[in-house]
Structure formats: structure tokens, C-alpha cells
1. Can you tell me the orientation of helix 16-35 relative to the chain, as the angle in degrees between its alpha-carbon axis and the longest Cα principal axis, to the nearest 10?
2. Arranged from highest to lowest average of other beta-carbon atoms within 10 Å per residue, in what order do the peptides 42-53, 7-18 appear?
3. Given the convex hull over the Cα atoms of the chain, what projected area results after averaging over all orientations, in nm²?
4. Report, in degrees rounded to the nearest 10, the 0 to 90 angle that the Cα long axis of helix 42-52 makes with the longest principal axis of the chain.
5. Could you look at region 17-80 and say what percent of its accessible area is carbon and sulfur, using a 1.4 Å probe and all protein chains?
Amino acid sequence: MAIDFCAFYIFGASFGPPITGMLSDRLARQAMTEAGATAMTEQFKAAGLHHAMYLIPLLCLVLAFVLFAAARAMPADVELLRRWMREEAETV
């Protein structure tokens, strides 16, 4: 759990906002280009941020899938650990 929380805070809290901002800027430029405009307006910035924010629920769904898969694998891992601990106790 410590590694999970460490990764969550390091990657999510540290890199999440800058990545979302860069994606927002890129999507704003794309919207400006598609509209044929030559100046970046607040409308394009808002559209870029709006589309970039769709990344957040998508990543939440990916995380839910990963945690679900980990939860399904955990009982087998615990059993392997218990078996290894019994074997180690018998050899000592």
C-alpha cells in the first residue's frame, strides 16, 4: 500500500496538473486551427481544457480495472506467501 500511495502522489499529484495543462494547450491550439482562427481566444482555451479534463475519468476507470485485477490476484499471492513461510519454518 505504501508503494501504491507513493506512486499515486508522486505521479498523480506531481505530474497530473502539468500533463493536463500541456494537453489542454495542445487541444486548444488544435481547436483554433480547426476553426481557421489566427489568435488564441478564451473560447479555444476553455474548449481545450474541457477536452483535456475528459482524461481524468478515463484514468479513474483504468485505475479501477487495475485495482480490481490486483484484488482478484491477491488471494493466490497470499496463499503462496503462506506456503513459502511454512516451508521456511520447517527447514529451520
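The values are calculated or read from the model by the stated rules, or taken from the named source; none is laboratory data. This is a predicted model, so every value here is computed, not measured. Backbone-built Cβ (ideal geometry, glycine too); neighbour counts: all protein chains shown. Heavy atoms of the whole protein, side chains included, go into the accessibility calculation; ligands, DNA and RNA do not. Shrake-Rupley method; radii C 1.70, N 1.55, O 1.52, S 1.80 Å.
1. 30 degrees
2. Details: 42-53: 15.8, 7-18: 10.4.
So the order, starting with the most tightly packed, is 42-53, 7-18.
3. On the way: hull surface 32.9 nm².
For the chain, the mean projected area of the Cα convex hull comes to 8.2 nm².
4. 20 degrees
5. Values: 3570 of 5000 Å².
Heavy-atom surface of region 17-80 belonging to carbon and sulfur, 1.4 Å probe: 71 percent.
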